[in-house]
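I have placed the structure first, in the form of structure tokens, so that the comments after it can refer back to it.
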Amino acid sequence: MRVLEHLGFEVRLLKQRRCCGRPSFSQGDLDRARRLGDQNLRLLAQHPQAPILFLEPSCYSMFREDYRELGLPGAAQVASRCHLLESFLADQAERHPEWRDRFRPLNTELVIHAHCHAKALSDVRYLTRLVELIWPGKQADLLNSGCCGMAGAFGATQSEYDLSCRVGQSLADLLSAQSDDASVIASGTSCRHQIEHLTPRRPRHFAEILSEAMKPI
């Protein structure tokens, strides 16, 4: 909210919203996922014009794709208004070159791990494009990484813990090859959890990087 308001947007948090339904959907409890999704869609239908922004890619994918798969009324109309925060800001920043003056220069390398759902539903190069638009001349390293191994609650179960760590090891190896001073960006909550579990890094959401670099108005 701080970043969006800093850039001149009016932000509203949806009241009475429910979980997106991703945990239930992933575990096969489709009835519960439908109930949660139906309430969210009915609430969002009351705000038919506003873009809907997401920080978490797994939540975004429910609204963008899975509600339609569940056959929920109004899902297609809402899906067309859904954006991941970074993608929305990259598109808007192309129209507002003055935004670069609202942020301090970055003195750190940026390394980005993209979430699997973001890669499945979009071209994640918007992540590096946003860096270049806000900080001209600054480049971020978009890692050629696979799944972190968490897959939501999968990696949190005792029976799948070892497999989760083995899957995530390739990401951990990529990060170990980066500079110790590099800032690691990961939009997914489970991705950040896994990175902290397997490496000494403290990954952050892109919104945190932007927030810390904001100049006072």
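The single residue among V167, V184 that is assigned to a helix (DSSP H, G or I) and buried (at least 18 other Cβ atoms within 10 Å of the Cβ) turns out to be V167.
Only one entry of Q92, Q77, Q46, Q16 meets the criterion of being surrounded by fewer than 15 Cβ atoms within 10 Å (Cβ to Cβ), assigned to a helix (DSSP H, G or I) and polar (S, T, N, Q), and that entry is Q77. Give region 110-121 a look and list any residue that's touching a strand residue (DSSP E or B) at 6+ places or on another chain (Cβ under 7 Å) and part of a loop (DSSP other than H, G, I, E, B), or say none. Residue satisfying the conditions is A114 alone. Tell me, which residue of region 77-125 that is free of Cβ contacts under 8 Å to residues at least 40 places away in the same chain and touching a Lys or Arg at 6+ places or on another chain (Cβ under 6 Å) is nearest to L30 (Cα to Cα)? Top of the filtered list is A79. Closer than 18 Å to H197 by Cβ, in the same structural domain as C191 (by TED's automatic domain parsing) and modelled with pLDDT of 90 or more: which single residue out of S159, S176, S164 fits that description? On inspection, the qualifying residue turns out to be S176. The residues of region 90-116 that are touching a Phe, Trp or Tyr at 6+ places or on another chain (Cβ under 7 Å) and either of a type in the set (S, T, Y) or within 30 Å of S170 (Cα to Cα) (or both), listed by number, are A90, L106. Can you find a residue that is closer than 17 Å to E56 by Cα and among the aromatic types (F, W, Y) anywhere in region 118-126? Yes, region 118-126 contains at least one residue that is closer than 17 Å to E56 by Cα and among the aromatic types (F, W, Y).
The values are calculated or read from the model by the stated rules, or taken from the named source; none is laboratory data. In this text the structure is predicted, and so the values were computed from the model without any measurement. Counting neighbours? That spans all protein chains shown, and the Cβs are built from the backbone with ideal geometry, glycine included.
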